Amino acid sequence: MQQASDERSIGSVRVWEAAVAVLFLAFGSLVAWDSHRLGSSWGSDGPQAGYFPFYIGVLIIISALFILYAALRSGDTEPFVRWGQLKMVFVVIIPTAVYVALIANPWFSLGIYEASVIFIAAFMRVLGKYSWLKVGVISIVTMVLFFLMFEIWFQVPLPKGPLEAALGYA
């Protein structure tokens with residue numbers, strides 16, 4: 001039963017190309033409209049604020065119309081993606097979104113180093129099925145090396161969490 005549900009497709013290539021074209025058409029229209037509102041002509045002192053964005057929006061609209069036309073004329077009924085394939089994409093996207101939230105959360109941020117230890121450890125343990133010893137050593141050593149490289153050697157400030165603050169690197 002599980003095998004059959006993993007083989008179901010989620011729309012055809014034609015449907016998804018048309019849907020993406022409509023989204024780009026809406027985005028290009030918004031860019032062009034707002035740029036026109038700002039001023040999209042040539043003023044006495046040169047281009048107005050919306051001059052270049054307006055024409056970028058127009059190019060997006062034209063491109064979206066070509067893609068929409070091609071998608072609607074296409075007879076491509078090949079499946080765009082199957083459930084089994086999409087599940088594998090979500091296996092990566094969902095933890096990555098959680099990772100970003102742990103770094104960029106305005107109320108409580110773990111910082112990039114602590115969040116990265118958790119991220120690497122989770123992927124190693126869940127997907128790689130590595131032992132806890134390997135998971136702990138590799139995730140922690142990797143982040144210590146990254147900390148030394150970015151914070152000490154290159155002096156690139158990255159988002160820090162409570163551990164770095166406790167060590168005086170806030």
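The values are calculated or read from the model by the stated rules, or taken from the named source; none is laboratory data. Treat the numbers as computed from the prediction; the structure is a model and nothing was measured. Positions of Cβ are generated from backbone atoms using ideal geometry, with glycine treated the same way; all protein chains shown enter the neighbour counts. Ligands, DNA and RNA are excluded from the accessible area calculation, which covers all protein heavy atoms including side chains. Shrake-Rupley method; radii C 1.70, N 1.55, O 1.52, S 1.80 Å.
General remarks:
- Any hit, the stretch 42-62, residues being surrounded by 13 or more Cβ atoms within 10 Å (Cβ to Cβ) and touching a residue at least 40 places away in the same chain (Cβ under 8 Å): no
- Flag set for residue 95, criterion: within 23 Å of residue 158 (Cα to Cα) and open to solvent by less than 50 Å² (accessible area, probe 1.4 Å).
- Residue within the stretch 40-49 that is assigned to a helix (DSSP H, G or I) and out of contact with any Lys or Arg (no Cβ under 6 Å at 6 or more places or on another chain) present: no
- Residue count for the stretch 63-75 satisfying the condition of being farther than 16 Å from residue 28 by Cα and surrounded by 13 or more Cβ atoms within 10 Å (Cβ to Cβ): 3.
- Some residue of the stretch 94-105 being in contact with a Pro (Cβ under 6 Å, 6 or more places away or on another chain) and either in contact (Cβ under 8 Å) with a residue 40 or more places away in the chain or closer than 25 Å to residue 149 by Cβ (or both): yes
- Test: residue in the stretch 6-24 that is assigned to a loop (DSSP other than H, G, I, E, B), under 30 Å from residue 75 (Cβ atoms) and of a type in the set (A, V, I, L, M): yes
- For residue 90, the stated conditions hold: it is out of contact with any His (no Cβ under 6 Å at 6 or more places or on another chain), of a type in the set (Phe, Trp, Tyr) and farther than 30 Å from residue 40 by Cβ.
- Taking the criterion of being open to solvent by less than 60 Å² (accessible area, probe 1.4 Å) and β-branched (Val, Ile, Thr), the only residue of the stretch 124-140 that qualifies is 135.
- Of the residues contained in the stretch 157-164, one or more are found to be free of Cβ contacts under 8 Å to residues at least 40 places away in the same chain and more than 30 Å from residue 87 (Cβ to Cβ).
- Residues of the stretch 104-123 satisfying the condition of being open to solvent by less than 70 Å² (accessible area, probe 1.4 Å) and either modelled with pLDDT of 95 or more or within 18 Å of residue 138 (Cα to Cα) (or both): 112, 113, 114, 115, 116, 117, 119, 120, 121, 122, 123
- Of 67, 112, 60, 120, all but one fail to be under 30 Å from residue 36 (Cβ atoms) and within 21 Å of the chain's Cα centre (by Cα); the exception is 60.
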